[in-house]
1. Has region 68-88 got any residue that is assigned to a strand (DSSP E or B) and surrounded by fewer than 23 Cβ atoms within 10 Å (Cβ to Cβ)?
2. Scan GLU147, GLU161 and give me the residue that is modelled with pLDDT of 85 or more, more than 25 Å from the chain's Cα centre (by Cα) and not assigned by TED's automatic domain parsing to the domain that holds TYR72.
3. Checking the condition touching a Ser or Thr at 6+ places or on another chain (Cβ under 6 Å) and assigned to a helix (DSSP H, G or I), which residue from ILE185, ILE202 passes?
Amino acid sequence: MSDNILVVDDEREIADLVELYLKNEDYTVFKCYTAQEAITCIDKTKLDLAILDIMLPGSSGFAICQKIRDKYTYPIIMLTAKDTEVDKITGLTMGADDYITKPFRPLELLARVKAHLRRYKKYSRNTAQSENIIAHSGLIIDINTRECLLNDKPLSLTPTEFSILRILCENKGNVVSSEQLFHKIWGDEYFSKTNNTITVHIRHLREKLNDSIDHPKYIKTVWGVGYKIEK
């Protein structure tokens, strides 16, 4: 699937030229000549990169840049006819990733587009991966692979032990009751389990974590309520 690129420039010849070069590289182009058209497109379209002219009728590329940065992290390249440090600094301060001064060579702009998209995709992948990793005080839980490390050494956990540890870590700083753990792990089977089941699994977890019930580093018992992992 091709990347979606927004091109905003009130000089139609420039917008059409940029569109031509991008389409030749199989990008999908959303071309706008005014700031209002651009803002409508931003709200309705999943974009991967924006190319914004600074000088636009009725508004500016800076305003569009700010609008994008309120919600999105994809790359923004500013086009400016003014080769001044003020415009460059203003654009970068507002969240632009790059700028290119008119007149520019289309192939240079194309090279910058490709470079920013490569970096953005790599960053997005790493972010998605990091969202599936829980780290806490030497403990690392990989939700995708269901692996757990303690001080870089693998922990051998049963599926239930892994689920309990994951739930507690995801709710770090908050108490999770035994009933909540039951419901999250066994769902409708809750009523067929005994109240002692969670206690047994917690005890096994503590043994594997070398955790102390009196001075816990990881799983703390909140008597009469449940269990928690401190932030």
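1. yes
2. GLU161
3. ILE185
The values are calculated or read from the model by the stated rules, or taken from the named source; none is laboratory data. Because the structure is predicted, anything quoted here is derived from the model rather than measured. Positions of Cβ are generated from backbone atoms using ideal geometry, with glycine treated the same way; all protein chains shown enter the neighbour counts.
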